[in-house]
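Engineer: Please read through the structure below; I'll follow up with questions.
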């Protein structure tokens with residue numbers, strides 16, 4: 001064989017199982033977003049304006065109020081009293097937004113109850129998939145924890161990345177190979193010495209989605225190196241290409257962390273100890289809620305940044 005053909009990356013049976021679980025969870029997440037949009041449209045049609053006064057229509061406060069309406073409550077004041085005291089809206093504003101509950105048609109109440117029941121099923125299945133994935137990746141807890149420490153990533157994103165590229169990314173000899181496979185690198189459409197396009201090539205859609213989402217979150221992390229890089233890139237490249245450049249950096253960093261088993265260390269210009277502690281606490285809480293056992297140890301030498 002003259003090595004003219006390059007075989008595609010076909011993960012083993014175990015990794016394919018990880019992918020099945022993570023992609024099913026992503027589909028449920030999309031279903032939840034679609035359900036929220038349908039719920040908001042239903043409330044608008046019923047002239048219930050509560051979505052204008054709560055930050056999360058599927059949050060605890062909003063769900064209590066919607067459940068009361070679904071079960072037949074007609075007093076706007078009684079429904080408004082179920083809202084959290086931390087809501088920015090006043091009791092008068094809530095009563096005004098919920099005024100349509102007084103003579104809400106029974107069909108709207110039944111549709112609302114059906115939507116809330118569907119939401120509970122989706123969230124139950126998401127919790128079950130979280131438990132399944134935590135059990136499947138339990139032996140790779142260290143890799144999950146090291147990836148989750150990167151700004152823009154988290155426990156859920158780390159699990160999805162490992163499901164796509166493997167716990168050590170050993171299939172990819174270099175970070176450039178991984179970036180090319182993902183499609184997180186600039187294209188090079190050149191003919192007769194003229195570059196016609198820098199559009200990124202096609203690649204693994206799941207990883208590209210994860211990296212783009214993580215890049216948007218990373219540039220909003222105060223004091224991180226990614227925030228500094230974004231400000232440097234955006235003036236010259238514009239928002240879209242700047243996010244693409246950050247996604248490329250994240251892709252190479254993912255390879256470094258998994259392949260070389262190093263730990264991320266933030267070296268941004270304004271690293272705040274309180275902010276860093278808050279982030280670590282949140283990550284540990286997420287890991288422990290999934291059943292992982294976490295012991296804090298000093299970072300080894302040879303850290304990635």
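The values are calculated or read from the model by the stated rules, or taken from the named source; none is laboratory data. The structure displayed is predicted, hence computed values, not measured ones. Methodologically, a virtual Cβ is constructed for each residue, glycine included, from the backbone with ideal geometry; neighbour enumeration extends over all protein chains shown.
Engineer: May I ask you to list the residues in segment 63-87 that are at pLDDT below 90, buried (at least 17 other Cβ atoms within 10 Å of the Cβ) and under 26 Å from the mean Cα position of the chain (by Cα)?
Structural biologist: Passing the criteria: only 87.
Engineer: Let me ask something else about it. Among residues belonging to segment 88-108 that are buried (at least 17 other Cβ atoms within 10 Å of the Cβ) and part of a helix (DSSP H, G or I), point out the one that is modelled with the highest pLDDT.
Structural biologist: 108
Engineer: Still on this model: If residue 287 meets every condition in (1) surrounded by fewer than 12 Cβ atoms within 10 Å (Cβ to Cβ); (2) modelled with pLDDT under 85; (3) on the phi < 0 side of the Ramachandran plot apart from one, which number is that one?
Structural biologist: All conditions pass for residue 287, except number (1).
This table checks each residue for (1) modelled with pLDDT of 90 or more; (2) closer than 21 Å to residue 127 by Cα; (3) part of a loop (DSSP other than H, G, I, E, B).
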site: 3; (1), (2), (3): no, no, yes
site: 7; (1), (2), (3): no, no, yes
site: 22; (1), (2), (3): yes, yes, no
site: 26; (1), (2), (3): yes, yes, no
site: 37; (1), (2), (3): yes, no, no
site: 61; (1), (2), (3): no, yes, no
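Engineer: For residue 224, indicate whether it is on the phi < 0 side of the Ramachandran plot, modelled with pLDDT under 90, surrounded by 15 or more Cβ atoms within 10 Å (Cβ to Cβ) and touching a helix residue (DSSP H, G or I) at 6+ places or on another chain (Cβ under 9 Å).
Structural biologist: Values: on the phi < 0 side of the Ramachandran plot: yes; modelled with pLDDT under 90: yes; surrounded by 15 or more Cβ atoms within 10 Å (Cβ to Cβ): yes; touching a helix residue (DSSP H, G or I) at 6+ places or on another chain (Cβ under 9 Å): yes.
Considered against the rule, which asks whether it is on the phi < 0 side of the Ramachandran plot, modelled with pLDDT under 90, surrounded by 15 or more Cβ atoms within 10 Å (Cβ to Cβ) and touching a helix residue (DSSP H, G or I) at 6+ places or on another chain (Cβ under 9 Å), residue 224 comes out as yes.
Engineer: Can you work out which of the residues in segment 180-216 that are assigned to a helix (DSSP H, G or I) and surrounded by fewer than 14 Cβ atoms within 10 Å (Cβ to Cβ) is modelled with the highest pLDDT?
Structural biologist: Only one residue tops the list, namely 209.
Engineer: Residue check: is residue 50 in the same structural domain as residue 123 (by TED's automatic domain parsing), at pLDDT below 90 and closer than 20 Å to residue 123 by Cα?
Structural biologist: Here the answer is no, as residue 50 does not meet what is asked.
Engineer: Criterion first (more than 30 Å from residue 51 (Cβ to Cβ), in a loop (DSSP other than H, G, I, E, B) and assigned by TED's automatic domain parsing to the domain that holds residue 214) does residue 169 satisfy it?
Structural biologist: Answer is yes for this residue.
Engineer: Quick test of your reading of the structure: residue 39 fulfils all but one of (1) in contact (Cβ under 8 Å) with a residue 60 or more places away in the chain; (2) surrounded by fewer than 18 Cβ atoms within 10 Å (Cβ to Cβ). Name the failing condition by number.
Structural biologist: Single failed check for residue 39: (2).
Engineer: Moving on to the next point. Under 9 Å by Cβ, and 6 or more places apart or on different chains, what pairs join a residue from segment 80-91 that is farther than 15 Å from residue 59 by Cα and not assigned by TED's automatic domain parsing to the domain that holds residue 68 with one that is modelled with pLDDT under 80 and in a loop (DSSP other than H, G, I, E, B)?
Structural biologist: Going by the 9 Å Cβ cut-off, there are no qualifying pairs.
Engineer: Condition check: assigned to a helix (DSSP H, G or I) and closer than 20 Å to residue 33 by Cβ. Does residue 78 satisfy that?
Structural biologist: no
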